[in-house]
1. Which Cα, out of B:S58, B:V24, B:Q14, lies furthest along the positive dipole direction of chain B (beta carbon charges, K/R +1, D/E -1)?
2. Put a dot 7 Å past each Cα toward the Cβ at A:R61 and B:S55; how far apart are the dots in nm?
3. Can you tell me the Rg and Dmax of segment B:11-113, counting just the alpha carbons, in angstroms?
4. Could you work out, residue by residue across A:101-110, how many beta carbons of other chains sit within 10 Å of that residue's beta carbon, and then give the average as an integer?
5. Normalised by the number of residues in chain A, what is the relative contact order in percent for Cα pairs under 8 Å and 6+ residues apart?
6. Kindly sort B:I20, B:I79 by accessible area of their heavy atoms, largest first, with the probe set to 1.4 Å.
7. Run the quick spin-label model on A:I1 and B:S9: label points 7 Å from Cα toward the beta carbon, then report their separation in nm to one decimal.
8. Quick one: check the C-alpha center-to-center distance for segment A:87-106 versus segment B:8-42, whole angstrom.
Amino acid sequence: ILNVEQSPQSLHVQEGDSTNFTCSFPSSNFYALHWYRWETAKSPEALFVMTLNGDEKKKGRISATLNTKEGYSYLYIKGSQPEDSATYLCAFQSKGTGFQKLVFGTGTRLLVSP
Amino acid sequence: EPEVTQTPSHQVTQMGQEVILRCVPISNHLYFYWYRQILGQKVEFLVSFYNNEISEKSEIFDDQFSVERPDGSNFTLKIRSTKLEDSAMYFCASSEGADYGYTFGSGTRLTVV
C-alpha cells in the first residue's frame, strides 16, 4: 500500500510570514509528484507537477522542491497572505501499475491571519 | 478559464437506491477521473477513463460502480445500490495527459441515509 504523508497537519501564521510544508512519498517507482491548493468550498487547483529529482518550480510566491531519492518534496510560501489560506495537498504518481492514479496525502491546512 | 462542472452539488439518497453523478470535463482533455473523499479521510482514487474505456480502477470500484461517457461531453459515475459507506464528496477531474496536472470539479456531496 502506497503511503503519502504530509506535515504539519495544520499551520497558523501571520500575514507576511514565510512557511513551508513537507510531503513524504515512496522513493521507488516514482513518476511524478503533484501539489494542489484546495480552498474551502472550491475545487482543488493544480499548483505543480514535478517529475525530475532536484527540480524546483515556482509560481508567484509559492515554490516547490523535489527529492525523489529520499522521497520528499517541500512547498514554500514566501510572505504569506490571507488569500493563501487553504489546504495544500500533495499526490504521488507511480510508474507502471497505478500510473494513472494519484495517491493523496492528508493535506496541510494553512491559516494566514491578517 | 475552462472548468470541470459537476451536478448536482448535493444529493441525498436512500440506501439501496441508484444514483448518477454527472460531470462535464474540459473539452480537449483526454483523461477523465473520479475520486472521492469520505469525511475526515484522504482523497482516494476510484477510476480513470481514457479512449472510451476504463484504464484503471481501484479496489473500491466494484460491480456497484460504473462510468460512462454517453455523448462525448458528459462523464457519469453510477452507483447501482448505494450503501451508507458510499457517503462522501465525489470529485470528477480531467487532464490533457497522464502526467499533467488535473482540473477538478467542485464536487458532489452524496449523503446516503
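The values are calculated or read from the model by the stated rules, or taken from the named source; none is laboratory data. From a predicted model like this one, the values you see are computed outputs, not experimental measurements. As a convention, Cβ positions derive from the backbone with ideal geometry for all residues, glycine included, and neighbour counts pool all protein chains shown. All accessible areas refer to the heavy atoms of the entire protein, side chains included, with ligands and DNA or RNA removed. Shrake-Rupley method; radii C 1.70, N 1.55, O 1.52, S 1.80 Å.
1. B:Q14
2. 3.7 nm
3. 13.0, 38
4. Details: counts 12, 8, 4, 7, 2, 4, 3, 0, 0, 0.
Taking the mean over all residues of the peptide, I get 4.
5. On the way: 282 pairs, mean separation 42.5, N = 114.
So the answer I get is 37 percent.
6. Numbers: B:I20 50, B:I79 0 Å².
Largest accessible area first, the residues go B:I20, B:I79.
7. Calculated label separation equals 3.4 nm.
8. When both Cα centres are located, 18 Å separates them.
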